[in-house]
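A.B. asks: Provided herewith is a single structure, encoded as structure tokens, for subsequent inquiry.
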Amino acid sequence: MTSATYAEQRAAILAQRREVQRRRARRRLLVRTIKRVVIIAVIVAMLSPTYLVVIASLSKGGSFFSASLWPKTVSWANYDTLFKSDFLTWTKNSAIVCFSVAFLSTLCSGLMGYAFSRMRFALRKYGLMAMLLVQIFPTVLAIPAYYYLLLWMQNHFTIGGHVVFGLGTYQGLILVLAGGALAFNSWLFKGYLDNLPKELEEAASVDGARRLQTIRHVILPLAKPIVATIFLFTFIGIYSEYAVTSIVMNSSAHYTLPVGMRGFIFNEYSQNWTIFAAGAVVASLPILLVFLAMQRYLVSGLARGAVKS
């Protein structure tokens with residue numbers, strides 16, 4: 001083989017390799033472009049309802065939809081009307097109920113998860129599974145039972161003519177809502193604790209720490225991610241809860257945000273969708289603040305709580 005022939009073959013091979021590399025580069029560019037288009041389309045689809053709600057809150061009249069994607073005149077009258085109503089009272093009621101239920105549910109599910117993870121007792125393997133099976137049934141099916149339970153408590157838990165637990169009381173509503181996702185949260189908490197080394201508790205026990213001291217000083221600092229996750233999910237779920245609250249609370253002064261805002265669109269004489277949209281925008285701010293405050297714990301809490309190593 002002459003040097004000229006060898007050079008021609010080498011040049012052909014290099015050209016073929018460059019062509020393959022160009023094809024691969026075009027293919028990678030096409031794949032990246034498709035992925036970006038899909039991501040952008042998903043983001044637009046997810047943000048479109050939020051955009052429509054914000055636009056409706058700045059529009060005049062009472063209709064949710066308008067002829068254009070941007071109102072010709074921006075009006076803050078809906079927000080002014082909103083704050084002249086009982087909106088702030090409903091927000092305060094929602095804050096009381098949500099924080100109370102989230103705290104109580106997190107505390108109870110944490111203790112139950114610890115018991116199922118660390119203690120040994122009869123029917124331990126089947127106890128939490130039975131609770132999960134019961135929780136499969138929708139909450140709506142239990143509303144008659146909740147109503148009867150609170151009505152019975154109203155007749156038996158009265159001090160000086162004041163109802164302690166019962167219909168129309170925050171205590172009764174909090175008690176009912178706190179048990180809503182208790183089984184699932186306990187299972188999540190148990191899965192997280194199963195990943196924590198037991199040697200830490202054994203070392204604390206050797207040093208003379210009691211069980212509650214071990215939970216407070218050893219388990220709780222390590223379980224902050226799952227505690228924040230359960231608290232956040234419970235808070236968000238209760239913040240938008242409507243069915244049970246509408247049955248329990250029978251006074252406008254005790255309504256939470258979902259129940260109170262229902263009056264804007266189910267009014268006897270009119271449907272004020274724009275005021276409802278303004279309320280939805282303002283009502284989303286507390287959820288956003290709570291999520292931003294706890295989002296750094298969310299991923300680690302779910303990741304370690306869902307899979308046992």
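The values are calculated or read from the model by the stated rules, or taken from the named source; none is laboratory data. Everything quoted here is computed from the prediction, not taken from an experiment. Backbone-built Cβ (ideal geometry, glycine too); neighbour counts: all protein chains shown. Side chains are part of the model used for accessible areas, which takes the heavy atoms of the whole protein and leaves out ligands, DNA and RNA. Shrake-Rupley method; radii C 1.70, N 1.55, O 1.52, S 1.80 Å.
A.B. asks: Considering only the range 206-249, give the helices (runs of 4 or more DSSP H) lying wholly within it that have at least 2 residues that are modelled with pLDDT of 85 or more and within 23 Å of residue 191 (Cα to Cα). I'd like the intermediate steps shown before the answer.
C.D. replies: Numbers: elements: 211-214, 224-239, 243-248.
Because the criterion is at least 2 residues that are modelled with pLDDT of 85 or more and within 23 Å of residue 191 (Cα to Cα), the helices (runs of 4 or more DSSP H) in the range 206-249 that meet it are 224-239.
A.B. asks: Here are some residues: 31, 134. Which one is over 20 Å from the mean Cα position of the chain (by Cα), part of a helix (DSSP H, G or I) and in contact (Cβ under 8 Å) with a residue 12 or more places away in the chain?
C.D. replies: On the way: 31 fails: in contact (Cβ under 8 Å) with a residue 12 or more places away in the chain.
It is 134.
A.B. asks: Could you please let me know if residue 215 is β-branched (Val, Ile, Thr) and in contact (Cβ under 8 Å) with a residue 12 or more places away in the chain?
C.D. replies: On the way: β-branched (Val, Ile, Thr): yes; in contact (Cβ under 8 Å) with a residue 12 or more places away in the chain: yes.
Against the criterion (β-branched (Val, Ile, Thr) and in contact (Cβ under 8 Å) with a residue 12 or more places away in the chain), residue 215 qualifies.
A.B. asks: Counting just the residues of the range 179-205 that are closer than 18 Å to residue 235 by Cβ and not in a helix (DSSP H, G or I), which one comes out farthest from the chain's Cα centre (by Cα)?
C.D. replies: Only one residue fits best here, namely 179.
A.B. asks: For residues that are small (Gly, Ala, Ser) and either touching a Ser or Thr at 6+ places or on another chain (Cβ under 7 Å) or modelled with pLDDT under 80 (or both), tally how many sit in the range 167-201. It would help to see each step written out before you state the result.
C.D. replies: Taking the range 167-201 and keeping what is small (Gly, Ala, Ser), we get 168, 172, 178-181, 183, 186, 191.
Still in the running and either touching a Ser or Thr at 6+ places or on another chain (Cβ under 7 Å) or modelled with pLDDT under 80 (or both): 168, 178, 180-181, 186.
The qualifying residues number 5.
A.B. asks: Any residue at all in the range 103-110 that's open to solvent by 80 Å² or more (accessible area, probe 1.4 Å) and modelled with pLDDT of 75 or more?
C.D. replies: Step one: list which residues in the range 103-110 are open to solvent by 80 Å² or more (accessible area, probe 1.4 Å), which gives 103, 107.
Subset that is modelled with pLDDT of 75 or more: 103, 107.
Yes, because at least one residue in the range 103-110 is open to solvent by 80 Å² or more (accessible area, probe 1.4 Å) and modelled with pLDDT of 75 or more.
A.B. asks: Something else now. For the range 143-150, state whether one or more residues are among the aliphatic types (A, V, I, L, M), open to solvent by 50 Å² or more (accessible area, probe 1.4 Å) and part of a helix (DSSP H, G or I). Talk me through it step by step, then tell me what you get.
C.D. replies: Quick first cut of the range 143-150, residues among the aliphatic types (A, V, I, L, M) only: 143, 145, 149-150.
Going one step further and asking which of them are open to solvent by 50 Å² or more (accessible area, probe 1.4 Å), we end up with 145, 149.
Going one step further and asking which of them are part of a helix (DSSP H, G or I), we end up with 145, 149.
Yes, because at least one residue in the range 143-150 is among the aliphatic types (A, V, I, L, M), open to solvent by 50 Å² or more (accessible area, probe 1.4 Å) and part of a helix (DSSP H, G or I).
A.B. asks: Of all residues in the range 156-209, count the ones that are basic (Lys, Arg) and open to solvent by 80 Å² or more (accessible area, probe 1.4 Å). Steps first, answer last, please.
C.D. replies: Initial filter on the range 156-209 (basic (Lys, Arg)): 190, 198.
Going one step further and asking which of them are open to solvent by 80 Å² or more (accessible area, probe 1.4 Å), we end up with 198.
Count: 1.
A.B. asks: In addition: Conditions: (1) charged (D, E, K, R); (2) under 30 Å from residue 279 (Cα atoms); (3) modelled with pLDDT of 85 or more. Residue 22 meets all but one. Number of the miss?
C.D. replies: (2)
A.B. asks: Do we have residue 125 as in a helix (DSSP H, G or I) and over 27 Å from residue 241 (Cα atoms) here?
C.D. replies: On the way: in a helix (DSSP H, G or I): yes; over 27 Å from residue 241 (Cα atoms): yes.
Taking the combined requirement at face value, the residue satisfies it.
Rundown of residues vs (1) modelled with pLDDT under 80; (2) open to solvent by 90 Å² or more (accessible area, probe 1.4 Å), yes/no style:
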| position | (1), (2) |
| --- | --- |
| 1 | yes, yes |
| 6 | yes, yes |
| 39 | no, yes |
| 47 | no, yes |
| 81 | no, no |
| 88 | no, yes |
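A.B. asks: Does residue 100 count as open to solvent by 40 Å² or more (accessible area, probe 1.4 Å), under 25 Å from residue 258 (Cβ atoms) and not hydrophobic (A, V, I, L, M, F, W, C)?
C.D. replies: Numbers: open to solvent by 40 Å² or more (accessible area, probe 1.4 Å): yes; under 25 Å from residue 258 (Cβ atoms): yes; not hydrophobic (A, V, I, L, M, F, W, C): yes.
The answer is yes for residue 100.
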